[in-house]
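The values are calculated or read from the model by the stated rules, or taken from the named source; none is laboratory data. This structure is a prediction, so every number in the text was calculated from the model and none was measured. Cβ placement follows ideal geometry from the backbone for every residue including glycine, while neighbour counts extend to all protein chains displayed. With ligands, DNA and RNA removed, areas are computed over all heavy atoms of the protein, side chains included. Shrake-Rupley method; radii C 1.70, N 1.55, O 1.52, S 1.80 Å.
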Amino acid sequence: VSMQKGMLPDAVNHFVATLAIRPDMPDAYNKLILSLVACGEYGKAMIAFRTAIRLYREWSPMLTGNLWLLATRHELGATDREDMIRMAEQIGRPESSRDPAFLDSLGVAYAGAGRFPDAIAVTRKAMALLDMKNQADLKKTVAQRLARYENNEPYFEE
């Protein structure tokens, strides 16, 4: 409710209190991360992301959304970027992933860390999967990001 009303600090406090009582609630971590990013608290969002990662045995769409949200922020520091990438590689297993959204998000993370060859490789894999799934519109959007990476330009959102 606090998030919907634009009362982000209250939302953060609510989710922190919820997780103090029930630390095994992945959805509360997701909402906490969303709230912290909206407040510009990227370091705290990374702490919550690290904790959420420890709760999962498998990569989930929620984690992909959190990865995207954090990877697309230019304010995130180099150490946090590399840590985020390491966690995503370990749990999401990009070498065997069949999830184009995860691979696209990881490509954004790689490019943001200046790892353009890695960004290009996973983004091409994402595009091939999108092609197999007949998702031409989304493939076109991903191709625009790929062109940036090929020019050694990261992709960030405001």
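Checked against the criteria, Ser105 does not count as under 26 Å from Arg57 (Cα atoms), exposed (fewer than 12 other Cβ atoms within 10 Å of the Cβ) and not hydrophobic (A, V, I, L, M, F, W, C). Under 6 Å between Cβ atoms, at least 6 apart or on separate chains: pull out the pairs that start in segment 110-133 with a residue that is within 14 Å of Glu95 (Cα to Cα) and end on any residue that is of a type in the set (Phe, Trp, Tyr). Close Cβ pairs (under 6 Å, with a partner that is of a type in the set (Phe, Trp, Tyr)) amount to Asp118/Tyr110; Ala119/Tyr110; Ala119/Tyr149; Ile120/Tyr149.
The set of residues from segment 135-153 being open to solvent by 80 Å² or more (accessible area, probe 1.4 Å) and among the aromatic types (Phe, Trp, Tyr) is empty.
Looking at the structure I just gave you, is Gly114 among the small types (Gly, Ala, Ser) and outside any helix (DSSP H, G or I)? Against the criterion (among the small types (Gly, Ala, Ser) and outside any helix (DSSP H, G or I)), Gly114 qualifies.
Every condition in (1) at pLDDT 90 or above; (2) surrounded by fewer than 22 Cβ atoms within 10 Å (Cβ to Cβ) holds for Asn30 except the one numbered (1).
Residue check: is Ile47 without any contact (Cβ under 8 Å) to a residue 12 or more places away in the chain and either closer than 15 Å to Ile33 by Cβ or within 12 Å of the chain's Cα centre (by Cα) (or both)?
For Ile47, the condition - without any contact (Cβ under 8 Å) to a residue 12 or more places away in the chain and either closer than 15 Å to Ile33 by Cβ or within 12 Å of the chain's Cα centre (by Cα) (or both) - is met.
Against the definition (open to solvent by 70 Å² or more (accessible area, probe 1.4 Å) and touching a residue at least 12 places away in the same chain (Cβ under 8 Å)), how does Glu75 come out, yes or no? Judged against the criteria, Glu75 is a match. Inside segment 54-72, residues that are open to solvent by 10 Å² or more (accessible area, probe 1.4 Å) and touching a Leu at 6+ places or on another chain (Cβ under 8 Å) make up a count of 2. Within segment 52-87, the set of residues being in contact with a Pro (Cβ under 8 Å, 6 or more places away or on another chain) and part of a helix (DSSP H, G or I) comprises Ala52, Leu55, Met62. Within segment 86-102, the set of residues being over 22 Å from Ala143 (Cβ atoms) and open to solvent by less than 20 Å² (accessible area, probe 1.4 Å) comprises Met87 only.
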